[in-house]
Amino acid sequence: MDAKTRPQRGCGLKAAASLAALLAFTAMPAAAQTERQKALAGATVNILAVQMPQYAPLWAQIPEFEQQYGIKVNLEEASFDQMREKSLLDMSQGTGRYDIFTVDVMWLAEYVSAGYLHPLTQYVKDPELTAADYDVDDFLPRIYSGNGMWDGAIYNLPIGAGVTGHVFRKDMMEQAGLAVPEWYDKSWTTERFMEAVEKLNNPDAGVAGYVSQPQRWFWGWTFTQLMHAFQTDETAGDEFVDENWNVTINSPQNLEALKWYVGLAKYGPAGSANFGYPEMLSLYQQGKAAGALMYTEFVAGDLEDPRHAEISGKNIYLHTAIGPHGKIDPWFGSWGLGISRDSKNKEAAWTFMQWITHKNQSLKALKGGTAPTRHSTYKSEEAKQYTPHYVGIYDFMLNTTNPDTRIRVPEWAEISDVMGLYGNQAWLGEITPEEALTNMESEIKAAFRRGGYYREGAKNPPQLWRDLSVYDAKPSSWK
């Protein structure tokens with residue numbers, strides 16, 4: 001997510017402890033420790049983690065790790081809007097206060113290019129620090145490398161990954177006489193989507209047809225998925241730049257996408273230009289919207305938790321509507337764990353990371369709603385029982401998802417902010433979609449110019465979104 005805020009739900013260790021009953025009955029046998037791991041007893045690992053409900057089932061297992069290894073883990077959480085700023089402040093000062101950071105894939109290039117993260121493969125391949133049954137090849141290749149690879153090395157270990165799309169009230173669709181589509185239904189197009197939200201929109205009953213997140217801070221993910229969906233065979237891959245790094249965001253396809261997106265405003269609630277994730281979620285949870293933007297990692301905690309009685313069990317989940325030229329959005333989102341360059345406890349930090357991302361802990365966390373990252377987890381009976389919404393995206397995550405849907409460059413945070421500034425103005429009607437894209441193009445081009453992309457002999461990042469074979473490499477093949 002390119003969000004400025006997410007709802008604060010007390011997802012720290014205190015809240016995570018409430019998951020203990022759910023997780024306890026699946027206790028796995030403790031792996032044998034090596035002499036090197038035993039020598040780490042008494043060490044302390046400090047983590048700065050993003051505060052999101054889907055990761056509470058992971059943190060709930062920390063006491064088990066501490067008991068098994070004798071390593072103390074201190075978890076400090078930051079809201080999404082503070083996570084990047086707080087991380088960069090500590091990283092840039094080289095304090096070494098935190099040994100591990102949770103890293104969103106969209107920030108990886110920025111962090112690694114600045115030298116803030118330590119490469120991980122040396123630990124993955126070290127039998128004295130990694131469990132013999134860790135099985136790195138159990139990770140889906142595009143999740144493992146897509147989440148963690150920059151400049152040919154792995155820096156970030158995945159803890160969750162997912163895709164975007166839509167959630168709709170199935171009962172409302174049926175009451176409106178609409179055929180209910182299925183996930184990846186090829187008939188679920190932008191045209192059919194717009195017809196559906198128009199029919200579902202019922203302002204007299206206080207129900208919006210659809211609610212999105214057009215607040216400024218969200219456009220880097222809300223609009224990017226539509227940019228991909230509206231491309232043609234010829235323009236796919238040129239959503240932001242062409243092969244020579246000429247900025248292409250001001251294209252006919254992106255203009256078509258932007259006009260379509262701002263056209264949703266008339267089917268949404270009043271004041272929707274100020275809606276971020278919390279506002280959108282609250283409206284949908286109250287039954288005041290028939291549809292909303294969705295990210296799979298938020299489904300278990302925000303949409304299907306039995307506490308949300310108004311909506312739980314009444315939802316259907318759909319991929320981003322297929323565009324007018326037949327393109328499907330190949331969205332990829334992921335969070336991982338990275339070791340600070342300045343950590344003084346790197347081996348202890350890694351020992352925790354390889355334990356918490358082991359298939360045993362991943363399977364236990366799945367029961368609390370944490371997204372799968374491994375083949376074994378996706379294929380498990382537990383996935384069918386606890387997170388059925390993930391089962392349907394397994395093939396997509398293997399073969400379709402593109403880890404660089406948000407182009408992997410150190411300047412991404414700036415690009416996202418520029419998109420939000422002018423996209424939000426277009427939603428409000430303060431500027432036209434044409435003006436919005438013209439302004440985006442100008443400022444993104446300026447960002448690349450400052451980054452030296454147009455200098456003679458510039459060594460620009462590889463555009464891996466055009467050839468996903470790199471991301472399909474076996475996880476164990478990374479050096």
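Miscellaneous remarks
- Cα centroids of the stretch 35-75 and the stretch 381-413: 26 Å apart.
- For residue 78, the residues whose amide H sits under 5 Å from its own are 49, 50, 51, ignoring neighbours fewer than 5 places away on the same chain, with H placed 1.01 Å from N.
- The amide H of residue 154, built 1.01 Å from its N in the peptide plane, has 120, 121 as neighbours under 5 Å, considering only residues 5 or more places off or on other chains.
- Taking the average, over residues, of other Cβ atoms within 10 Å as the packing measure, peptides 79-87, 154-162, 207-215 rank 154-162, 207-215, 79-87 from highest down.
- Residue-wise HN-Hα coupling along the stretch 185-193, computed from phi with Karplus coefficients 6.51, -1.76, 1.60 (Hz; x: Gly, Pro): 5, 5, 7, 7, 9, 4, 5, 5, 4
- Loop-located trypsin sites (Lys or Arg not before Pro) in the stretch 417-461 (DSSP state not H, G, I, E or B) with no more than 15 neighbouring Cβ atoms inside 10 Å: 455, 459.
- For a straight C-alpha distance cut-off of 15 angstrom, the aspartates and glutamates reachable from residue 266 (same-chain residues fewer than eight places away being disregarded) are 195, 198, 204.
- Dipole magnitude for the stretch 287-360: about 160 debye, using +1 per Lys or Arg Cβ and -1 per Asp or Glu Cβ, origin at the Cα centre.
- Flagged links, alpha-carbon separation over 21 Å, of 344/459; 72/479; 125/459; 344/364; 125/479; 186/367: 344/459; 72/479; 125/459; 344/364; 186/367
- Between residue 450 and residue 33, the modelled labels are 4.8 nm apart [label points 7 Å from Cα along Cα→Cβ].
- The candidate values were (1) 145; (2) 133; (3) 282; the one computed from these coordinates for volume of the Cα convex hull per residue in Å³ carries the label (2).
- Spin-label pair residue 95/residue 153, simplified geometry with 7 Å Cα→Cβ offset, distance in nm: 2.5 nm
- Over the residues of the chain, the helix contribution to mean residue ellipticity at 222 nm works out to -10000 deg cm²/dmol, using -39500 (n - 2.57) for each DSSP H run of at least 4.
- Taking the three principal axes of the alpha carbon atoms in the stretch 164-319, the coordinate ranges are 52, 31, 30 Å, sorted in descending order.
- With a Förster radius of 25 Å applied to the C-beta separation of residue 266 and residue 246, the computed FRET efficiency comes to 0.15.
- Rounded to 10°, Cα long-axis angle of helix 346-356 versus longest principal axis of the chain: 60 degrees
- A straight chain from residue 41 to residue 288 at 0.36 nm per residue would run longer than the Cα-Cα distance by 83.7 nm.
- The alpha-carbon of residue 346 sits under 14 angstrom from the alpha-carbons of these aspartates and glutamates, leaving out residues fewer than 8 places away in its chain: 99, 126, 128.
- Axis of helix 252-262 versus longest Cα principal axis of the chain: the two differ by about 90°, to the nearest ten degrees.
- Cα gyration tensor category, rounded, prolate or oblate, for the stretch 52-169 with a/c compared to 1.5: rounded
- Only the Cβ atoms of Lys and Arg (+1) and of Asp and Glu (-1) were treated as charged; on that basis the dipole of the stretch 59-182 about its Cα centre amounts to roughly 300 debye.
- Radius, Kirkwood style, for the stretch 90-225 when every pair of distinct Cα atoms is counted (Å): 19.2 Å
- The stretch 212-249 and the stretch 80-127 have their alpha-carbon centroids 27 Å apart.
- Taking the DSSP bridge list for the chain and keeping only pairs wholly inside it, about 70 percent are antiparallel.
- Each label point was placed 7 Å from the Cα along the Cα-to-Cβ direction; for residue 199 and residue 187 their separation is 1.1 nm.
- Helix 433-450 axis versus longest C-alpha principal axis of the chain: approximately 30°, rounded to the nearest ten.
- Comparing Cα centroids, the stretch 426-449 and the stretch 308-347 end up 26 angstrom apart.
- Given charges at Cβ of Lys, Arg, Asp, Glu: the stretch 332-376 dipole, positive-most of 334, 372, 348: 372
- In a reduced charge model with +1 at each Lys and Arg Cβ and -1 at each Asp and Glu Cβ, the chain shows a dipole moment near 980 debye about its Cα centre.
- Counting only DSSP beta bridges whose two residues both lie in the stretch 164-319, roughly 85 percent are antiparallel.
- Positive dipole terminus of the chain, leading residue within 176, 54, 294 (C-beta point charges): 54
Values in this text are rule-based calculations from the coordinates and carry no lab data. Treat the numbers as computed from the prediction; the structure is a model and nothing was measured. Because the Cβ atoms are built from the backbone with ideal geometry, glycine has one as well, and the counts that use them run over all protein chains shown.
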